[in-house]
């Protein structure tokens with residue numbers, strides 16, 4: 001039997017949704033063995049009662065009351081071990097929520113990742129209390145709690161990022177991203193450190209040809225044009241908002257030839273760096 005989550009919960013009128021976040025309290029009173037489950041959205045599960053077994057190709061993983069799981073969307077086979085029933089709080093969140101968190105806090109993502117299906121926190125009172133407190137936001141229908149919920153989830157992710165589980169959390173985040181997303185994120189986070197296309201390729205452990213091919217696919221431009229545009233945009237910000245003069249800005253963004261810097265800057269923005277600095281553009 002295939003159960004699609006969270007659609008199954010929605011059909012049972014158990015799902016409460018606010019924007020791109022959803023919550024349900026799941027209760028199972030009958031023993032179920034090896035059900036196939038399709039999870040359509042990333043889910044955070046707090047087991048409050050009973051036990052469950054997740055069956056993976058690499059082996060089984062048992063979770064029990066007090067455990068908190070980060071489980072990504074996909075197909076799973078599960079069994080519920082019934083002692084005195086199984087209960088859990090389920091929180092569904094989108095990839096967008098995590099991507100916004102990654103970008104906002106400039107989290108460094110590994111380019112080459114292993115496959116991490118889930119992340120389990122055991123008996124962590126801080127996260128247990130945080131998740132229980134979130135339930136009230138879903139239950140209260142009198143107010144628009146979407147912004148508050150976004151902040152509560154961000155707080156949970158941030159606590160986890162600064163906890164002893166940081167490495168496992170980042171690996172889990174990385175497993176949610178495809179190779180192109182990670183490549184794009186690595187470039188956008190580190191472009192200031194790349195003095196040349198060859199240096200970029202070396203840092204990403206790619207040949208120049210491989211870098212150019214992937215870059216064209218992801219950014220629809222060449223790495224050389226991308227780096228130049230980014231450096232000029234950064235230079236413009238420095239000229240407008242810092243005390244650095246034109247020569248200092250040129251050096252800071254990687255131009256050793258001031259004449260060349262002025263030439264390409266004017267071509268990009270239709271005014272010179274000096275005009276930009278003097279606010280005469």
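Tabulated data
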| read-out | value |
| --- | --- |
| Rounded tilt (10° steps) of 166-176 against the dominant C-alpha axis of the chain | 90 |
| C-alpha long axis of helix 125-139 to longest principal axis of the chain, angle in ° | 90 |
| Principal semi-axes in Å for the stretch 1-148 [√(5λ), Cα gyration tensor, largest first] | 24, 21, 15 |
| Listed residues 242, 94, 22, most fluctuating in the chain (Gaussian network, C-alpha, under 10 Å) | 242 |
| Antiparallel DSSP beta bridges within the chain, as percent of all bridges there, nearest 5 | 90 |
| Gyration tensor (Cα) of the chain, equivalent ellipsoid semi-axes in angstrom | 48, 22, 15 |
| Whole-number percent relative contact order across the chain, with pairs defined as alpha carbons under 8 Å at least 6 apart | 14 |
| Residue order, fewest to most beta carbons within 10 Å, for 221, 272 | 221, 272 |
| Normalised per residue, the volume of the convex hull around the Cα set of the stretch 178-281 (Å³) | 100 |
| Within the chain, helix-based [θ] at 222 nm, where runs of 4 or more DSSP H residues each add -39,500 (n - 2.57), nearest 500 | -14000 deg cm²/dmol |
| Rounded to 10°, Cα long-axis angle of helix 208-219 versus longest principal axis of the chain | 70 |
| The stretch 178-281, relative contact order [Cα under 8 Å, separation at least 6], % | 19 |
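Here, each number is a calculation from the coordinates, and none is a lab measurement. Note that the structure is a prediction, hence the values are computed from the model and not measured. When we count neighbours, we look across all protein chains shown, and the Cβ atoms used for this are built from the backbone with ideal geometry, even at glycine.
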